[in-house]
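The values are calculated or read from the model by the stated rules, or taken from the named source; none is laboratory data. Treat the numbers as computed from the prediction; the structure is a model and nothing was measured. Here the Cβ positions follow ideal geometry from the backbone for every residue, glycine too, while neighbour counts run over all protein chains shown. All accessible areas refer to the heavy atoms of the entire protein, side chains included, with ligands and DNA or RNA removed. Shrake-Rupley method; radii C 1.70, N 1.55, O 1.52, S 1.80 Å.
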Amino acid sequence: MKARTPLNDLKIDPALQELICQANQAKERAIAPISGFRVGAALTTPQGRLYSGCNIENISLSLSICAERVAFLKALSEGEREFTSLSLVSDAESMITPCGACRQLIWEFAPELTLIMANCHGEVKYAKIAELLPQAFTLQDLQEKKKA
Ligand code: THU
């Protein structure tokens, strides 16, 4: 197993490091009594505002919600409509990617967003949502149906 690099020691751009640290702090606030798997996310806007989120589980399992969607719903409900990046960290050794439901939400509200996935070893991976959700179901599909 690789030695762990504290997130503060990451040799990366300070702004990016800050974003990953914010996601990591959000992860500390996760409510995950069922899975024991904590996730944190930090979402930024072009104006430099930041909205963080953690996963929140509920004993009625389907009510649980992912960190990414918490961050997005906080921001959207505050009137934000433009987003630049979303950092994501978890308790996993690997760099996790958003689940299918979160991918759909990201696709609809932030198609140009840069996803920044980090792990506890200080490794960072980037992705665009179009790479993670090819052939997405879109508003255009709904409009096609109306024409028929
Ligand atoms: N989870 C997230 O918050 N984000 C992801 O991208 C993947 C999964 C949460 C949901 C659940 O609380 C726990 O991780 C285990 O699936």
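Observations on the structure shown:
- Normalised by 2.2 N^0.38 Å, where N counts its residues, the alpha-carbon radius of gyration of the chain equals 1.08.
- For the chain, the relative contact order works out to 20 percent when only alpha carbon pairs closer than 8 Å and six or more residues apart are counted.
- Qualifying trypsin sites (Lys or Arg not before Pro) in the range 60-148, DSSP loop, other Cβ atoms within 10 Å at most 12: ARG81
- Taking amide H as placed 1.01 Å from N in the peptide plane, SER85 has its amide H under 5 Å from the amide H of THR44, THR114, each at least 5 places away in sequence or on another chain.
- The chain, helix-only ellipticity at 222 nm - DSSP H runs n ≥ 4, -39,500 (n - 2.57), divided by all residues, nearest 500: -9500 deg cm²/dmol
- Nearest-10 value in Å² for the accessible area of ARG49, using the 1.4 Å probe: 110 Å²
- Part-to-part distance (alpha-carbon centres) for the range 80-105 and the range 17-39, which is given in Å: 12 Å
- Rounded, prolate or oblate (a/c below 1.5 giving rounded, otherwise prolate when a/b exceeds b/c) for the range 86-148 by Cα gyration tensor: prolate
- For the range 42-87, a Kirkwood radius taken over Cα pairs fed into Stokes-Einstein (10 °C, viscosity 1.306 mPa s) yields D = 145 µm²/s.
- If the convex hull is drawn through the Cα atoms of the range 64-115, its volume per residue in Å³: 82 Å³
- In straight-distance terms, cross-link reach from LYS74 covers every one of the aspartates and glutamates whose alpha-carbon lies under 20 Å from its own, apart from those fewer than eight places away in the same chain; here that gives GLU18, GLU28, GLU57, GLU82, GLU108, GLU112.
- Shape category assigned to the range 5-83 from the gyration tensor of Cα positions, a/c cut at 1.5: oblate
- 3J(HN,Hα) along the range 37-48, derived from phi through the Karplus expression 6.51 cos²θ - 1.76 cosθ + 1.60 where θ = phi - 60°, amounts to 10, 9, 9, x, 9, 9, 10, 10, 10, x, 7, x Hz, with x in place of Gly and Pro.
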